[in-house]
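Before any comments, here is the structure.
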Amino acid sequence: MAAELKKTFQELSSALKDLHRDLLMLEAKSLEADTGRKITPYELLHASLHDPNMAWLRQMSALIVNIDTVIDETTNLSAQEANQISTAVLALLEPPGPQDSDFWTKYSNYLSSNPDIIMKHSKVKSLTGDMRPKM
């Protein structure tokens with residue numbers, strides 16, 4: 001069970017990284033359109049860390065770091081940890097309810113208009129479902 005959970009955690013981390021990379025590249029294109037020039041990888045890194053317009057994406061970065069930390073530091077992953085991680089992922093990637101979050105406002109624009117983001121979102125949601133305790 002623990003080995004299977006660890007594999008699912010790793011797959012989820014990988015799927016989130018793929019989704020994050022695509023979102024970052026879309027933000028880079030937006031930044032290039034705003035500045036009228038191609039930005040360097042260093043400029044993209046700096047913007048991803050410091051630009052207020054990219055603050056929303058740092059929430060996903062922090063979640064990925066949290067998942068990778070759990071994978072690296074926990075010998076026997078438990079169903080409780082799996083449930084906590086899947087809940088955190090879903091809280092970020094699903095509509096927040098009556099009040100919009102900064103993340104959801106930006107994310108939903110990409111989710112509603114980009115087929116690659118839709119597919120990667122679906123994969124992440126599927127993996128979070130695999131982590132939930134079976135009734």
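Just to be sure, is Ser113 surrounded by fewer than 12 Cβ atoms within 10 Å (Cβ to Cβ) and out of contact with any Ser or Thr (no Cβ under 9 Å at 6 or more places or on another chain)?
It is true that Ser113 is surrounded by fewer than 12 Cβ atoms within 10 Å (Cβ to Cβ) and out of contact with any Ser or Thr (no Cβ under 9 Å at 6 or more places or on another chain).
Which of the residues spanning region 18-56 are aliphatic (A, V, I, L, M), touching a residue at least 12 places away in the same chain (Cβ under 8 Å) and more than 16 Å from Phe103 (Cα to Cα)?
Listed by number, the residues that qualify are Ala28, Leu31, Leu44, Ala47.
Right, Ala88: under 20 Å from Gln59 (Cα atoms), surrounded by 13 or more Cβ atoms within 10 Å (Cβ to Cβ) and either hydroxyl-bearing (Ser, Thr, Tyr) or modelled with pLDDT under 90 (or both) or not?
no
Examine region 57-78 for a residue that is in contact with a Leu (Cβ under 7 Å, 6 or more places away or on another chain), without any contact (Cβ under 8 Å) to a residue 40 or more places away in the chain and in a helix (DSSP H, G or I), and state whether such a residue exists.
no
Which count do you get for residues in region 15-56 that are basic (Lys, Arg), touching a helix residue (DSSP H, G or I) at 6+ places or on another chain (Cβ under 8 Å) and either outside any helix (DSSP H, G or I) or surrounded by fewer than 15 Cβ atoms within 10 Å (Cβ to Cβ) (or both)?
So the answer is 1.
Based on what the data block shows, is Tyr107 closer than 18 Å to Leu127 by Cβ and either assigned to a helix (DSSP H, G or I) or at pLDDT 95 or above (or both)?
Yes, satisfied.
Count, please, the residues in region 15-28 that happen to be under 12 Å from His121 (Cα atoms) and either modelled with pLDDT under 95 or not charged (D, E, K, R) (or both).
5
The values are calculated or read from the model by the stated rules, or taken from the named source; none is laboratory data. Please read all numbers here as calculations on a predicted model, not as lab measurements. Cβ atoms come from the backbone with ideal geometry, glycine included; neighbour counts cover every protein chain shown.
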